[in-house]
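See below for the structure under consideration.
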Amino acid sequence: MNRRDWLRSCGMGFGGLALADMLGRAVAADEASAGGVLGGFHHPPRAKRVIYLFQSGGPSQLDLFDHKPLLARLDGEQLPAAVRGGQRLTGMSGNQSSIPLAASPYRFARHGASGAEISELLPWTARIADRLCIVRTMFTESINHGPGVTFMQSGGQIPGRPSIGAWLDYGLGSASDDLPSFVVLLTKNKQGQPLMSHLWGAGFLPTQHQAVRFRSGGDPVLAINNPPGVSVESRRQVLDGLRELHEHQLASTPDAEIAARIANYELAFRMQASVPEVTNLAAEPAHVLDLYGPDVRDPGTFAANCLLARRLAERGVRFIQLYHQDWDHHGGLKKGLASECRQTDQPAAALVQDLAMRGMLDDTLVVWGGEFGRTNYCQGLYKPGQDFGRDHHPRCFTIWMAGGGVKPGITHGTTDDYGYNIVDGGVHVHDFHATMLHLLGIDHERLTYKFQGRRYRLTDVHGKVVKEILA
């Protein structure tokens, strides 16, 4: 067979490949313009929306939620090799000749009818103890911040996969006509590990599913207002012209990104009216502002973002992600941890209370937690009674959840007396994601997207619903 005969005989094969690619892109374009691909829920949802209070840096569970009296008795003694079990440590403490156990400098007490043990650093959170589902046995495969935060936000340690909110928007679509279904808020003027846009990106999904980040200063969204001399009518005419051009291009090139661009332009136009209204916290009554604490009147603080999150939730935003940095206390833990708790404790508790007072907590899932925990030993030199730091610890850490179909007033899972290993009730990151999707009415194994020949999902090829924490 010569080259010409071979090409002629394979022509239908090449044509089929091209047709399959075009049809695939056409389906993707339809998904981008039609809203959620699921067309409904896999089962009745318990939560309509999620407010995720992400504490970037790794809050110390041993000083906040997981009380270990044994550490006080063994303060300064070496971590037993049998407890460590050969676990690799970070480069920051892996070469220490001494690994001394460090007791928490804070008092713990039991709170509420549930008897939840909570540190003195969190007096406001302690007041809502009976509304919380505290999970002490989260664990992850990541021991450093970049992969750890990415894993918690996207189900993969390497950037490039869709974030949780993007998966929800892709699967369920938006519940609001005038606001995005996925909004991100960052506490202003914070130090710590950098937060990159891939954490709230769409990954390989159409770009319309990525989050819209609201800023704390100036316009909440860049270019939300028309330039001087440009009227709403003229802006509408420009967008109509752009839409006509994009639809003409889409007819000949069925690309999901073109459909996404049309949808994004239209949403941006509607947001010109909705965003200024939702971000106007001055419209809230004084007693509500007081509930969140004095920082709430300063835009961009964690308190202001918590109140804004509630306002966004009221208006149909499905996934609201707050990021608060500077929980990475390798040194100066006593000062640093107290500072972060002062900034976040009252607002986080107020958010739960506010949602409950409005009848929204039952169908709003509130999540608080970071990417991993902290070690039970001191990083560097340790002198009992003096300030110290803790290294990263992926084997067990604590998050809490409230509302949205989780059991209130429970503490799930048990860690060992050293606070180093899980004894029972372990919850992997994929289990956490599977449970979150379940509460939102989604079977995590059935929300998939085909990319580069493989069907991906938020939980990769793992994950199980943690039924023990479901109400």
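May I ask for the angle, rounded to the nearest 10°, between helix 3-34 and the longest principal axis of the chain, with both axes built from Cα atoms and the value confined to 0 to 90°?
Helix 3-34 sits at roughly 60 degrees to that axis.
Can you tell me how much longer the chain between Asn144 and Asp460 gets when fully stretched, taken as 0.36 nm per residue apart minus their C-alpha distance, in nm with one decimal?
Working: separation 316, 0.36 × 316 = 113.76 nm, distance 2.03 nm.
Here the answer is 111.7 nm.
Could you work out the helix-only [θ] at 222 nm for the chain, with each DSSP H run of four or more residues adding -39,500 (n - 2.57) and the total divided by the number of residues, to the nearest 500 deg cm²/dmol? Could the numbers behind the result be given before it?
Working: 12 runs with 165 residues, N = 471.
Helix-only estimate at 222 nm: -11500 deg cm²/dmol.
With each label point set 7 Å from Cα along the Cα-Cβ vector, what nm distance links Lys450 and Asp416?
The two pseudo-label positions are separated by 4.7 nm.
Take Leu70, project a point 7 Å from its Cα along the Cβ direction, then tell me which residues of region 410-434 have their backbone nitrogen under 11 Å from it.
415-423
Quick check: convex hull of the Cα atoms in the chain, volume per residue, rounded to a whole Å³?
Numbers: hull volume 84.6 nm³, N = 471.
So the per-residue Cα hull volume is 180 Å³.
Structure shown: which of Lys188/Lys334; Lys190/Lys407; Lys48/Lys464; Lys48/Lys450 lie over 31 Å apart, alpha-carbon to alpha-carbon? Please list the in-between numbers first.
On the way: Lys188/Lys334 22 Å; Lys190/Lys407 33 Å; Lys48/Lys464 21 Å; Lys48/Lys450 26 Å.
Among Lys188/Lys334; Lys190/Lys407; Lys48/Lys464; Lys48/Lys450, the Cα-Cα distance tops 31 Å for Lys190/Lys407.
Order by neighbour count: His433, His428, fewest other Cβ atoms within 10 Å first, most last. Don't skip to the answer; put the middle values down first.
Values: His433 24, His428 18.
The most exposed by this proxy come first: His428, His433.
With labels modelled as points extended 7 Å from the Cα through the Cβ direction, what inter-label distance (nm, one decimal) is found for Ser197 paired with Ser98?
4.8
So what's the Cα pair-distance distribution over region 146-275, bin width 5 Å, in %?
Reading upward from the zero bin: 2, 10, 16, 18, 19, 16, 10, 5, 3, 0.
Scattering from the C-alpha atoms of region 312-471 alone, worked out with Debye: what is log10 I(q)/I(0) at q = 0.08, 0.10 1/Å?
-0.31, -0.48
Within the chain, which is the longest segment that contains none of the trypsin sites (Lys or Arg not before Pro) sitting in a DSSP loop with at most 11 other Cβ atoms within 10 Å? Provide the component values of the computation, followed by the final result.
Numbers: sites that count: Arg88, Arg107, Arg446.
Looking at the chain, 108-445 is the longest stretch - no exposed trypsin sites (Lys or Arg not before Pro) with at most 11 other Cβ atoms within 10 Å.
Work out how much length Gln78 to Arg110 would gain on full extension: take 0.36 nm times their residue separation and subtract the Cα-Cα distance, in nm to one decimal.
Working: separation 32, 0.36 × 32 = 11.52 nm, distance 2.90 nm.
Separation in residues times 0.36 nm, less the Cα-Cα distance, equals 8.6 nm.
Every number here is computed from the coordinates shown, using simple stated rules; none is lab data. Here the structure is a predicted model, which is why all the values come from computation and not from measurement. Using ideal geometry, Cβ is built from the backbone for each residue, glycine included, and neighbour counts are taken over all protein chains shown.
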